[in-house]
Amino acid sequence: MMPRVVVTGAAGLIGQYVMKSAARWAPGWEVHGLTRADLDLTDHAAVERTWQRINPHAVIHCAALSRTKDCEQNPELARRINVDATVQLARLSNDIPFIFLSSGEVFDGRHSWYREQDAPNPINLYGKTKIEAEQVVLENPRHTVLRIVLTAGTSLHGNRSFVEDMCRTAKSGKSMTLYGDEFRCPLPAGAIARVVWEVAGQALPGLYHLGGLERLSRWDIGQALLPWYPELQGRLVEGSARTHAGAPRPVDLSLNCEKIQAVLSFPIPGFRSWLERRMHRDTDLWDYEPGVP
């Protein structure tokens, strides 16, 4: 019998790519994807029953309340999903590998190229819930935390990735301000999915950072997307993070990924180089094909 792996958040941006890439990167696994419609992770009794029924050999926990604004507006729900549900799943996975997708939002953004040993200091509720959940997960020496950052991709309903948000705003006739002094290291969802499967296959416990090779400002990211998304033409305005109002956002969330890169079979791509190499491929722009570095 093939080992069984559960993927939570299977309808989310990364979960969707993890599911559709399983046949390519994890052919030896029997994959059980769980969406919000399949299972309410805040219903602890239902979660217990589901785990008893599937009896997984590994868990990839992608589900989260991940929009900063949503967390700030509903802190109770953010804690129930991001912390309480994760704690229960980690407990149920006590004797098996458990991969938890966390976030670079655990940092305050005052520095660049954060390493795993750097001290977290979240400035928003989303980051606070993630670091609290991380601490519980990492108490188990079998378990893994992957901190990710800005993810590009195409989701089931077109409302999960930052690229989709930008295009939706542009198509509504509105302009959007992109900060030239706010930095991220974006990564395609397909590349993240491949990393997740490699980590699952090797059963690599501990804490790892996973971001793109390039540190880019939000403005740089928008400019890189223009050739691919013509609807953005004329809709992008450069601004400064100093004028930001709303939920706190770290200014710099670039992550040093040397630790995870040392155990992968392929090089982590940069965002702009990824786009250039995908120029003539008739596939999902954010997928990850064999042979594409």
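Just tell me which aspartates and glutamates come within less than 12 Å, Cα to Cα, of K128; anything on the same chain fewer than 8 places away is out.
Partners within reach: E72, E105, D108.
Could you list the residues of segment 65-97 with an amide nitrogen less than 20 Å from a label point located 7 Å from the Cα of Q135 in the Cα-to-C-beta direction?
What the label zone holds, given the 20 Å backbone N cut-off, is 65, 72, 75-92.
If each residue's Cβ is checked for other Cβ atoms within 10 Å, how do H57, H143 rank with the fewest at the top?
Lowest to highest Cβ neighbour count: H57, H143.
In segment 210-246, which residues have a backbone nitrogen under 18 Å from the label point lying 7 Å from S112's Cα in the Cα-to-Cβ direction?
Only 211-222, 240-242 pass the distance filter.
Find how many whole Å separate the alpha carbon centroid of segment 156-224 from the alpha carbon centroid of segment 68-92.
So the two Cα centres are separated by 22 Å.
Using 0.36 nm per residue, how much length does the chain from A245 to S273 gain when fully extended, once their Cα-Cα distance is taken away?
So the extension gain works out to 6.9 nm.
Would you mind pulling out the separation of the Cα centroids of segment 1-43 and segment 238-269, in Å?
26
Would you compute, from DSSP H runs of 4+ residues alone, the mean residue ellipticity of the chain at 222 nm, taking -39500 (n - 2.57) per run and dividing by the full residue count, rounded to the nearest 500?
-9000 deg cm²/dmol
Tell me, in nm to one decimal, what length is gained between L226 and E48 on full extension, where the rule is 0.36 nm per residue of separation less the Cα-Cα distance?
Between L226 and E48, full extension yields an extra 59.4 nm.
Scan around D108 for amide H atoms under 5 Å from its own, H built in the peptide plane at 1.01 Å from N, and keep only partners 5 or more places away or cross-chain.
Here N121 satisfy the definition.
Short version: ³J(HN,Hα) in whole Hz for each residue of segment 54-59, in order, from phi by Karplus 6.51 cos²θ - 1.76 cosθ + 1.60 (θ = phi - 60°), x for Gly and Pro, what are they?
Residue by residue, segment 54-59 yields 7, 6, x, 9, 6, 9 Hz.
Go through K130/K171; K20/K174; K20/K130; K20/K259 and tell me which ones have a Cα-Cα distance over 31 Å in this structure. Write out the running numbers ahead of the final one.
Values: K130/K171 33 Å; K20/K174 33 Å; K20/K130 26 Å; K20/K259 26 Å.
The answer is K130/K171; K20/K174.
Provide the gained length on full extension for the span R168 to M2, in nm with one decimal, where the gain is 0.36 nm per separating residue minus the Cα-Cα distance.
Length gained, R168 through M2: 55.6 nm.
Show me, for segment 84-91, the HN-Hα J-couplings you get by feeding each phi into the Karplus relation (A = 6.51, B = -1.76, C = 1.60, θ = phi - 60°), rounded to Hz, glycine and proline as x.
4, 5, 5, 4, 5, 5, 5, 5
For an R0 of 35 angstrom, estimate the FRET efficiency from the Cβ-Cβ distance between T177 and V263 and round to the nearest 0.05.
0.35
Give the longest segment of the chain that steers clear of trypsin sites (Lys or Arg not before Pro) in DSSP loops with at most 11 neighbouring Cβ atoms within 10 Å, not counting the sites themselves.
Of all site-free stretches, the longest is 1-109.
What nm value, rounded to one decimal, do you get for the distance between E30 and D95 when each label is placed 7 Å out toward the C-beta?
1.8
Can you give me the convex hull volume of the Cα atoms of the chain, divided per residue and expressed in Å³?
Here the figure is 125 Å³ per residue.
For L77 paired with A23, estimate the spin-label separation in nm (one decimal), with each label point 7 Å from Cα along the Cα-to-Cβ line.
Here the modelled spin labels are 3.5 nm apart.
Can you give me the long-range amide H partners of S103? Hydrogens built in the peptide plane at 1.01 Å from N, cutoff under 5 Å, separation of 5 or more residues or another chain.
I148
Order these by the 10 Å Cβ neighbour count, fewest first: T35, T68, T144.
Lowest count first: T35, T68, T144.
Among I260, I14, rank each residue by its count of other Cβ atoms within 10 Å, from fewest to most, as a rough exposure measure. Present the calculation step by step, with values, prior to reporting the outcome.
Working: I260 23, I14 28.
Neighbour counts put them in this order, fewest first: I260, I14.
Under 18 Å from a point placed 7 Å out from the Cα of Q233 along the Cα-to-Cβ direction: which residues of segment 165-192 have their backbone N that close?
So the set is 167-176.
Taking the chain as a Gaussian network, where each spring joins two C-alpha atoms under 10 Å apart, which residue of V137, V47, V83 fluctuates the most?
V47
Every read-out reported here was derived from the displayed coordinates using simple, explicitly stated rules and does not represent laboratory data. Predicted, not measured: the structure shown is a model, and the values here were computed from it. All Cβ positions, glycine included, derive from the backbone under ideal geometry; neighbour counts span all protein chains shown.
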